[in-house]
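Asker: The structure under discussion is supplied below as structure tokens; questions concerning it will follow.
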Amino acid sequence: LSILLLAVAGVFGVLNTNKVKTLHSAVADANAARDGAERRRADREKEIKAREAAIAAEHSKMAESESRVASAEAELVKLQTEKSDLQSKLQANETEIANLQKQVEDVKPTSANPGAATPQELQAQLDDARRQLEDAEREKSFLSEKLQSVQSRSSQLEEEKKHRVAGPSKVGVRGTVL
């Protein structure tokens, strides 16, 4: 009977040893799974942080781009007002030139009239009118050059504005976050 009990105890000992080995391997598997899950979670957190940083960088680039567009628009408005001012000055100078030319033409026929001003006075008036005409023509050419430069700058700014309007789309975070 004692041998039988000793044999049963030996069988139970072997069974317990197998069960302990199985439990140890299950604990090791559970620890490995837990470590793997923690690593995956840490990797996901790093990826999310990297995405957030990329989004923040894109937002700052977009804000910078928008500020450049706003300044370009302000510059365009400024140049357009300057252009209209220069055009009005140019028109005023052209009318002044036309008036001076008319005065010069009026002075020439009256010199043959008796009782008119002396030839020296007429010559002085004519010289003065010519000087005014030359000054007005110089100012006209200066204003037309200035107007051309403003128009070219204005067209460049409009082209930049057109190119910037078709900019990159907004970047967003997609997917599920655990």
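The values are calculated or read from the model by the stated rules, or taken from the named source; none is laboratory data. Bear in mind the structure is a predicted one, so any value in this text is a computation, not a measurement. When we count neighbours, we look across all protein chains shown, and the Cβ atoms used for this are built from the backbone with ideal geometry, even at glycine. The protein model used for the area step is the full one, side chains on, heavy atoms only, and it has no ligands, DNA or RNA in it. Shrake-Rupley method; radii C 1.70, N 1.55, O 1.52, S 1.80 Å.
Asker: Against the definition (open to solvent by 60 Å² or more (accessible area, probe 1.4 Å), within 30 Å of Lys162 (Cβ to Cβ) and modelled with pLDDT of 90 or more), how does Glu66 come out, yes or no?
Answerer: So Glu66 fits the description; yes.
Asker: What number of residues in segment 55-85 are in contact (Cβ under 8 Å) with a residue 60 or more places away in the chain and within 18 Å of Glu158 (Cβ to Cβ)?
Answerer: 11
Asker: Any idea how many residues of segment 1-54 are open to solvent by 80 Å² or more (accessible area, probe 1.4 Å) and touching a residue at least 60 places away in the same chain (Cβ under 8 Å)?
Answerer: Residues flagged as open to solvent by 80 Å² or more (accessible area, probe 1.4 Å) and touching a residue at least 60 places away in the same chain (Cβ under 8 Å) within segment 1-54 amount to 4.
Asker: Look through segment 98-115, keep the residues that are surrounded by fewer than 13 Cβ atoms within 10 Å (Cβ to Cβ) and aliphatic (A, V, I, L, M), and return whichever of them is modelled with the highest pLDDT.
Answerer: So the residue we want is Ala98.
Asker: Looking at Ser88, Ser65, which is the one that is part of a helix (DSSP H, G or I) and touching a Gly at 6+ places or on another chain (Cβ under 8 Å)?
Answerer: Answer to the check: Ser65.
Asker: Is it the case that Ala124 is in a helix (DSSP H, G or I), open to solvent by less than 80 Å² (accessible area, probe 1.4 Å) and either of a type outside the set (A, V, I, L, M) or in contact (Cβ under 8 Å) with a residue 12 or more places away in the chain (or both)?
Answerer: No; evaluated as a whole, the condition is false for this residue.
Asker: Kindly indicate whether Asp135 is surrounded by fewer than 11 Cβ atoms within 10 Å (Cβ to Cβ) and at pLDDT 85 or above.
Answerer: No.
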